[in-house]
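What follows is a short report on a single structure.
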Amino acid sequence: MVTTGQQPGLFTGPLYSIYKGLTAVCLAAELEAHLGKPVIPVFWVGSEDHDWAECNHTFVLDAENRLHKVEVADPAGDSRRPITDFSEEALDVLRRAYEPGRTLGRGFRETVDALLGPMGLMTTESSDRVVKEVSGPVLWDALERSVEHEAVLSETTALLGAAGYQPQVAVLAEAVNLFLEGPGGRERLYRDGAGFRLHTSEEQRSLDEIRAEVTADPHALSPNVFLRPVVESSVFPTLSYVAGPGELAYFAQLERYFALQDIRMPVVYPRIAYTLVEAKVGKVLKKHGLDVDALAEPFHEVAAAFAREEVPDDVRRALGALRGAVGQGSAQLLEAARPIDPTLKGPVQAARNASLAAFADAEKKILQSVKRQSEIALGQLEKAQ
């Protein structure tokens, strides 16, 4: 399998979630042809993640190019809570995926299924019953051997730091790479004496108490960012994982951690990065001979650069010739005047600088005139941006 994943986001959240899925589909096809064996692309939905503020919103443009934030407002929520109906004007696929009563994770998964399923991408969830059952031994190992796990990660992270790399994920002292459902929600576990402590609520748990809670509810225990890739590779035969830039960085901390659990780390492959250019924006860029990077700067800089390009060639040549003549004439005058009085250097340079400043002021006025004559074009560029 070629796997990739992301926590749920409203209407798939950032576009890079879709780019990850597309990369997995393409990479699986390449590897299947190369290996002569079936290679399945799989999207792992991190539905146990509860960072509600990160996943409960998206942004859309209206017909007038105004940006609107669409948000599921529930300060006590997380990605597993049911959402209410807010998608009356959304596309049919979103309307079906986000029916009232669906969780954000379920809506996200069904949207990805609808968009990329026809290309062969399969999906699963970290909270899936079978996934939880199969990955159980890995979670218990992380709990029972947490001291050893922390030591391996700390050593690798220290080596990366010594080599000049900034580790992506901090290794916290006494922290277990697991979360347990507690009074404070999904709480990080820490070693505390002979037992464990929940980070938010500060409640104590013995190993037997945790085992009893997980027996009653297998979803109570879940992996953190270090352990999640290991869990995935323990469930699936993962040949390669498609990762974003941040993930690529923290996988550098994980090779020995995989080996500690007798699992070979998958080959980490960077997701494709795109900039989507709408047809109407593309037409504006083509009309004015610009590429999309030209719109990346603040608009006043975009407008200034555009105006400079619109200045007629003969005006540009004339300004250049004037500056060149002033520079050359000033140098000749200095050379001729030096035998008369060396102190004349100051006045000559001041005259040169004043002349150049006057021409710069004239150029600004020319640019302002060009901008006034190009209001329609600049309006198009501003809208495109």
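The values are calculated or read from the model by the stated rules, or taken from the named source; none is laboratory data. Every value quoted in this text rests on a predicted model; they were computed, and no experiment measured them. Glycine gets a Cβ as well: all are built from the backbone with ideal geometry, and neighbour counts include every protein chain shown. The area values use the complete protein model at the heavy-atom level, side chains included, leaving out ligands, DNA and RNA. Shrake-Rupley method; radii C 1.70, N 1.55, O 1.52, S 1.80 Å.
Checked against (1) more than 54 Å from the chain's Cα centre (by Cα); (2) assigned to a helix (DSSP H, G or I), Ile340 passes all but a single condition, namely (2). Within the stretch 345-363, the set of residues being within 15 Å of Ala318 (Cα to Cα) and surrounded by 11 or more Cβ atoms within 10 Å (Cβ to Cβ) comprises Ser355, Leu356, Ala358, Phe359, Ala360, Ala362, Glu363.
Residues in the stretch 31-73 that are assigned to a helix (DSSP H, G or I), without any contact (Cβ under 8 Å) to a residue 12 or more places away in the chain and either surrounded by 12 or more Cβ atoms within 10 Å (Cβ to Cβ) or in contact with a Pro (Cβ under 9 Å, 6 or more places away or on another chain) (or both): Glu32, Ala53. Against the test of being within 30 Å of Arg66 (Cβ to Cβ), assigned to a helix (DSSP H, G or I), of a type in the set (S, T, N, Q) and open to solvent by 60 Å² or more (accessible area, probe 1.4 Å), the options Gln368, Gln328, Gln332 yield a single qualifying residue, Gln368. Just one of the numbered conditions (1) open to solvent by 20 Å² or more (accessible area, probe 1.4 Å); (2) on the phi < 0 side of the Ramachandran plot is not true of Gly101; which one? Among (1) open to solvent by 20 Å² or more (accessible area, probe 1.4 Å); (2) on the phi < 0 side of the Ramachandran plot, Gly101 violates only (2).
Is it the case, given these coordinates, that Tyr250 is aromatic (Phe, Trp, Tyr), open to solvent by less than 80 Å² (accessible area, probe 1.4 Å) and modelled with pLDDT under 95? Taking the combined requirement at face value, the residue satisfies it. Applying the selection to the stretch 17-30, what residues are in contact with a Phe, Trp or Tyr (Cβ under 7 Å, 6 or more places away or on another chain) and open to solvent by 10 Å² or more (accessible area, probe 1.4 Å)? Of everything in the stretch 17-30, those that are in contact with a Phe, Trp or Tyr (Cβ under 7 Å, 6 or more places away or on another chain) and open to solvent by 10 Å² or more (accessible area, probe 1.4 Å) turn out to be Tyr19, Leu27.
Considering the stretch 104-157, the residues that are surrounded by 22 or more Cβ atoms within 10 Å (Cβ to Cβ) and among the polar types (S, T, N, Q) include one that is nearest to Arg191 (Cα to Cα), namely Ser135.
A Cβ distance below 8 Å, combined with a sequence gap of six or more or placement on separate chains, defines the contacts here; from the stretch 260-280, residues that are farther than 21 Å from Asp62 by Cβ reach residues that are of a type in the set (Asp, Glu) and open to solvent by less than 70 Å² (accessible area, probe 1.4 Å) in the pairs Gln261/Asp141; Val268/Glu247. Looking at the stretch 37-49, can you tell me whether even one residue there is within 20 Å of the chain's Cα centre (by Cα), closer than 27 Å to Met122 by Cβ, of a type in the set (A, V, I, L, M, F, W, C) and modelled with pLDDT under 85? So far as the stretch 37-49 goes, no, none of its residues is within 20 Å of the chain's Cα centre (by Cα), closer than 27 Å to Met122 by Cβ, of a type in the set (A, V, I, L, M, F, W, C) and modelled with pLDDT under 85.
Which one is farthest from Asn65 (Cα to Cα) among residues in the stretch 285-324 that are small (Gly, Ala, Ser) and open to solvent by 60 Å² or more (accessible area, probe 1.4 Å)? Ranking the qualifying residues of the stretch 285-324, first place goes to Ala321.
Looking only at the stretch 1-16, residues that are crowded, with 24+ Cβ neighbours inside 10 Å and outside any strand (DSSP E or B) come to 1 in all.
Say we look at the stretch 187-216 and pick out the residues that are open to solvent by less than 30 Å² (accessible area, probe 1.4 Å) and within 28 Å of the chain's Cα centre (by Cα); which of these is modelled with the highest pLDDT? Looking at residues that are open to solvent by less than 30 Å² (accessible area, probe 1.4 Å) and within 28 Å of the chain's Cα centre (by Cα), I get Leu189.
Are any of the residues in the stretch 273-284 within 27 Å of Val171 (Cβ to Cβ), within 21 Å of the chain's Cα centre (by Cα) and surrounded by 13 or more Cβ atoms within 10 Å (Cβ to Cβ)? No, because not a single residue in the stretch 273-284 is within 27 Å of Val171 (Cβ to Cβ), within 21 Å of the chain's Cα centre (by Cα) and surrounded by 13 or more Cβ atoms within 10 Å (Cβ to Cβ).
Just one residue in the set Glu213, Glu181, Glu148, Glu202 is touching a Leu at 6+ places or on another chain (Cβ under 9 Å), farther than 29 Å from Glu255 by Cβ and not in a strand (DSSP E or B); that residue is Glu213. Out of Arg106, Arg129, Arg95, Arg81, one residue alone is touching a Ser or Thr at 6+ places or on another chain (Cβ under 9 Å), basic (Lys, Arg) and modelled with pLDDT of 85 or more. It is Arg106. What about Leu159, is it under 27 Å from Thr238 (Cα atoms) and touching a Ser or Thr at 6+ places or on another chain (Cβ under 9 Å)? So Leu159 does not fit the description; no.
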